[in-house]
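The values are calculated or read from the model by the stated rules, or taken from the named source; none is laboratory data. Note that this is a predicted model, so its numbers are computed, not measured. Positions of Cβ are backbone-derived with ideal geometry, glycine not excepted, and every protein chain shown enters the neighbour counts.
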Amino acid sequence: MDTMSENLLEVRGLTLALQNRFGLYREIIQDVNLNLKQGHVHAVVGESGSGKTMLARSLVGLLPRGIARVAGSVAFDGEHLDRFSEKDFRHIRGPRIGFVFQEPMLSLNPAITVGNQMREGLRLHTRLSRAEVDETCLAMLARVGIRNPKGAFHAYPSEYSGGMRQRIMLASVLALKPRLLIADEPTTALDAIIQREVLDLMAEMTRESGTSVLLITHDLGLVGEYAQDVTVMRHGSVVEEGSIADTFRRPQQEYTRLLLAASPKRADRKTPAPALAPLLSVHDLSVTFAGRRKWPWSPRGVFQAVHSVSLELQEGENLAIVGESGSGKTTLGRAITGLQSYTDGRVMVDGVHFDPRDRRQWQQMRSVMQVVFQDPASSLNPRFRIGALIGEGLRHSERCDPRETKARVLACMRDVGLEESQIDKFPHELSGGQKQRVAIARAIIMKPRIILADEPVSALDLTVQAQVLKVMMELQEKFGFSFLFVSHDLAVVERVANRVMVMRHGRVIEVASRDRIFDRPLHPYTRRLLSASAVVAEDGKGGFDVAARRVPDRPAGLEDLPYYQDGSAYRIAEAEPDHFVALAKD
Amino acid sequence: MWAYALKRIVSAIPTMILASVMVFGLMRLIPGDPAMLFIGEIDDPAVLEAKRRELGLDQPLVMQYLNWAGGMLRGDMGVSVQTGRPVAGEIAAAFPVTAIVVVVATALAALVAIPAGIVAGWKQNSKTDATIVSIATLCLSIPGFWTALLLLTFLGAKWKLLPTVGYVSVFDDARAGAIYLIMPVIALVLTEVAVLTRMSRASTIEVMGLEYVTHARAKGMGERRVLWRHVFPNAFAPTLTVLGLILGHLLGGVVVIEQMFSLPGLGRLMVGAIFARDYAIVQGVLIFIVVIYVVLNTVIDLLYPVFDPRVKL
Amino acid sequence: MSILNRFLTNRLNASLGLMLISVFLLAAILGSVWTPHDPLLVNFGDRLRPPGGDYWLGTDQYGRDTFSRILVGARESLTISSLSVAVAVVSGTVIGALAGYFAGLVDRAIGTVMDALIAFPSLLLALGIVAAVGPGKYGVIVALGVSYAPGVARIVRATVMSLRGRDFIDSARALGNSHASTLIRHVLPNCIAPVAVIGTSLFATALLSESALAFLGLGVPPPNPTWGGMLADTKQFATSAVWLVLAPGLAISMTLLAVNLLGDALRDFFDPRMEQV
């Protein structure tokens, strides 16, 4: 048993099963082995349904009701956790194994102050005095970069953003100096830049305290950057385990290769020849939302979601609108298609002003602009069958007889790669990828010239995402429509876009061709956004390199422009031909 | 916080105004001339006209409403046709009886139901849970007036354990008063206990499924502490709003119960007035209960942030 | 049929509730075509007979057959309750859907009126309305319908508001549906579940309130039997003729139990989170 000295955690033949009250069961994970080395960050990577979260929860005895361990052993730090009772587990949880959950908005109790929640762990598991406990908590809060730790101590979690809450979680879990930290998708709910900050902090703090980390994630970029070892899981089984260098450079299993290859990469895109007039042009579009009044007589606050944005879209072109949450990218897209009313500006299609309040124009526009939404689970009415969903748009445009409608629906289903037999199914009977294909079919049946795709693949698993993106590009090839592609995912944008528009807080930060944006970004914010993303690159020998994106230096002469920052006056200028960037108005 | 409180209080004003318009309009729907009720059988147009003028019935409806509402604000709710006494006085005399029954019933419901619901939710799907849920469903299905009738028949008339008629105020004689309260409160409270138990069970189950409860367990806390510190405070806030609903039930249910046990409260006053076509009383009681109900619900809303810091506005 | 099957599988309560409610529905139907005795026939020779013999559930102080009166009362009580629920559900759904879908000024105007109606405890509002329009079958239906409508409206409004945030409403608009067709084709069908649940629980409340009104003498006027009215009529004879208290009371309670069980099963069915594993 010499491996015990090296491995902090050893899982052997672990099998978990869902049991109902009749005793029948379905296995959720089968025969899983895992070796976590002392002091390492070990990633468990897999798509949804791979069983990675249940694996993590079973280690600390926190399985949901109805799921039980039916076979296998778990050895942690010389002890056999599989023989533990609930009471034994209580002494392990916290001081020896810390757990950070995915949703920082949900995992802190809203009714208890931050300080009291942090104290709980220390009071339970240490013999520190009250004052010492408070001192430790304050020190930890300061350590994770919370400004004014004293204030935070008495504040409620709802007063903090997602990133800050995840820092507070880290502080409260690591205050106990556990030997192992299990982090279940700890940053999935956060924006890229914040995700990076939180993970850097986690890596740094666990290194200091010698804590090993089991990082559960679906994000290969994070694995490549933060972990030393990786276990790849699929459908409840381990596909491959090994060091990052071995597993990514020389993947032994087909699935691992598939997963790595599925990461979107830059592909050649032909740029449509610029026409005399753009297909779509947007001038100085602004959207404001009315805020709340503090007092009944005080003026209503306003929140400007989109600040005077202009853009042009050519026939057959893909323009990607990129930004983090709160950047206004989705609102902009909705305003252009008329789903959101705007306060100022004009939307022109083929040089004609489109006013969404005009009912006739609204109807006409449906065959010009169509929308594909982010989450097909929510964009498809659960009470309609697939055939009715896809054919719905035809009800309103041209009068089609039922036979013709059905023929067109079937043709569309073939185009997006659905089986004809699925026409009578309900959305919940399809997988996520198939649902998104239905959503796409629903849009293309109208033969639109512009499709607004709002994060069309971000709810999908990586391998499914790759397939759906491929279908979208093939359809574009076939029908020649343009895409307005709203996304936060730079890898996806790099794959599909001709041009990229970066937005932040409702303002355009930078607009240029895709290659310009990725190869010579100018604005500091664009550069930060890029450097927070990872790149999966094929090394040409059947292996893959995963690393943080390197952001090239700015070209000479453009380093010291007065770039726009929050609070300064704003203007947009052409820094070099066809490369626009936000500058401070002098 | 204060802005929120003020806003909440101010927002109750249009509700009250509209409710008073409804009460006023409702009484105007009644066919017949209210003045006729006062003068009785005297068949003299001149007398009728004089009475109409005295009651302000010759003025346009809007003026009539404003006069009436203005009177309400000054505490002048008109005069009872039956007794000739001011309505305000009648209500003031009846209110303590209703209040004591409702307050005792609410307190009892909360004391029994909230713990029962939390235990049931905590031990979801166990025998304890099944028992509590079954009892609650059963209680929910027994009408209060039937309980009252059964109590009166058996405890009162057959076994002579409790007095069936009469009423002594607890303020005059605490012991005797309490005895007169036993049956009305039981009859009134069973249904509400059931409603509240089911509610607090549901919110306990919901909170138990939330991530921060799992997180508390992941810290190594014991089940009991998890329940006490993390589940209870969060399950309590939604239960509190249900108390407002329960108050509404109780204020309605008490009408029948008072009638059953001949308690001289607001409900009995109102039902008697309906039969006697004493509309000043009906109007007065309705508006009075609406005011009480709106005020209590406003107070509950204002208390909400105390139990749920997310609502701190 | 398959939905019914799915609904009843593993739900003892649902089956029990469905069975009980069928029994009472059959009783109501039976009561309108045949009764063992004339429910209105006064026969002082047979007054206050205990159950047994010719009178299965005994007779009341006028010698009327209790069983026959229960059967006829079933029809009265069940029709009044279901009609008042229908009034509440239809008006509440329309009002709530309009308020939730159009939001803004429409919502605020409707909201103010609903708030004012909700400010009345519902039985009191019903009492007030009955006082104004006069007792009787239709008076009770209108009174109960109006006092329950705001509750339905509130729930439909909340449902519609949450649906509005779902993409499929925008998606329907993007495909060219007008507001009216979006509301009818996409929004309303998704309100069926919550409306069914609240409708069921309202049915129980309506039955209870109808009985209470009848009990107070403000429901359907005598001599027509209703369960609540039967209880009220026999108050003075309760000690000597216990069956007069038990029979109508049990009828009300069993119906309420059936409806409550059915309502819980519906709630579980539509909201799997609360389902008993």
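Output yes when any residue across region B:299-306 is more than 9 Å from chain C (Cβ to nearest Cβ), farther than 28 Å from B:Val168 by Cβ and either without any contact (Cβ under 8 Å) to a residue 24 or more places away in the chain or not in a helix (DSSP H, G or I) (or both), and no when none is. Yes, region B:299-306 has at least one match.
Please find, within region C:178-226, the residue that is farthest from B:Val254 (Cα to Cα) out of those that are within 14 Å of chain B (Cβ to nearest Cβ) and surrounded by fewer than 19 Cβ atoms within 10 Å (Cβ to Cβ). Taking the candidates together, the pick is C:Pro221. Checking each residue in region A:553-565 for being closer than 16 Å to A:Gly506 by Cα and either at pLDDT below 85 or surrounded by 14 or more Cβ atoms within 10 Å (Cβ to Cβ) (or both) picks out only A:Tyr564. Take the conditions within 14 Å of chain C (Cβ to nearest Cβ), more than 17 Å from A:Arg507 (Cα to Cα) and over 24 Å from the mean Cα position of the chain (by Cα) and apply them to A:Gly338. Does it pass? It is true that A:Gly338 is within 14 Å of chain C (Cβ to nearest Cβ), more than 17 Å from A:Arg507 (Cα to Cα) and over 24 Å from the mean Cα position of the chain (by Cα). In region B:157-171 there is at least one residue that is within 24 Å of C:Thr234 (Cα to Cα), in a helix (DSSP H, G or I) and facing chain C (nearest Cβ under 9 Å). If we scan region C:256-269, do we find a residue that is more than 10 Å from chain B (Cβ to nearest Cβ), over 23 Å from C:Thr79 (Cα atoms) and over 18 Å from the mean Cα position of the chain (by Cα)? The answer is yes, given that some residue of region C:256-269 is more than 10 Å from chain B (Cβ to nearest Cβ), over 23 Å from C:Thr79 (Cα atoms) and over 18 Å from the mean Cα position of the chain (by Cα). Checked against the criteria, C:Leu98 counts as over 17 Å from the mean Cα position of the chain (by Cα), more than 14 Å from chain B (Cβ to nearest Cβ) and either within 25 Å of B:Ser11 (Cβ to Cβ) or surrounded by fewer than 21 Cβ atoms within 10 Å (Cβ to Cβ) (or both).
Just for region B:118-152: of the residues that are crowded, with 21+ Cβ neighbours inside 10 Å and hydroxyl-bearing (Ser, Thr, Tyr), which one is nearest to C:Val242 (Cα to Cα)? Only one residue fits best here, namely B:Thr147. Just the residues that are surrounded by fewer than 21 Cβ atoms within 10 Å (Cβ to Cβ) and acidic (Asp, Glu), please, taken from region A:510-531. Hits for region A:510-531 are A:Asp515, A:Asp519.
When region A:386-418 is filtered for residues that are assigned to a loop (DSSP other than H, G, I, E, B) and among the hydrophobic types (A, V, I, L, M, F, W, C), the ones remaining, listed by number, are A:Cys400, A:Leu418.
Within region A:279-295, the set of residues being in contact with a Leu (Cβ under 8 Å, 6 or more places away or on another chain) and at pLDDT below 90 comprises just one member, A:Trp295. Within region B:153-167, being surrounded by 12 or more Cβ atoms within 10 Å (Cβ to Cβ) and among the basic types (Lys, Arg) holds for one residue alone: B:Lys158. Note on region A:364-408: residues that are of a type outside the set (A, V, I, L, M, F, W, C), in contact with a Lys or Arg (Cβ under 6 Å, 6 or more places away or on another chain) and buried (at least 23 other Cβ atoms within 10 Å of the Cβ) total 1. Report yes if some residue within region A:499-509 is crowded, with 22+ Cβ neighbours inside 10 Å, in a loop (DSSP other than H, G, I, E, B) and more than 14 Å from every other protein chain (Cβ to nearest Cβ); otherwise report no. The answer is yes, given that some residue of region A:499-509 is crowded, with 22+ Cβ neighbours inside 10 Å, in a loop (DSSP other than H, G, I, E, B) and more than 14 Å from every other protein chain (Cβ to nearest Cβ). Here A:Arg383 meets the list (1) assigned to a loop (DSSP other than H, G, I, E, B); (2) more than 14 Å from chain C (Cβ to nearest Cβ) almost entirely, failing just condition (2). Beta carbons closer than 9 Å, at least 6 apart along the sequence or on distinct chains, pair a first residue in region A:254-275 that is closer than 13 Å to A:Val496 by Cβ with a second that is of a type in the set (Asp, Glu) and surrounded by fewer than 17 Cβ atoms within 10 Å (Cβ to Cβ) for A:Lys265/A:Glu538; A:Arg266/A:Asp515. For region B:280-298, the set of residues classified as over 19 Å from B:Ile13 (Cα atoms) and at the interface with chain C (Cβ under 8 Å from one of its Cβ atoms) consists of B:Val282 only. Exactly one residue among B:Arg277, B:Arg268 is on the phi > 0 side of the Ramachandran plot and in contact (Cβ under 8 Å) with a residue 24 or more places away in the chain, and that residue is B:Arg277.
For region B:214-238, the tally of residues that are among the basic types (Lys, Arg), within 9 Å of chain A (Cβ to nearest Cβ) and under 18 Å from B:Ala120 (Cβ atoms) stands at 0. Identification of helices (runs of 4 or more DSSP H) wholly contained in region A:47-162 with 1 or more residues that are under 32 Å from the mean Cα position of the chain (by Cα), away from chain B (no Cβ under 13 Å) and of a type in the set (S, T, N, Q) yields no element.
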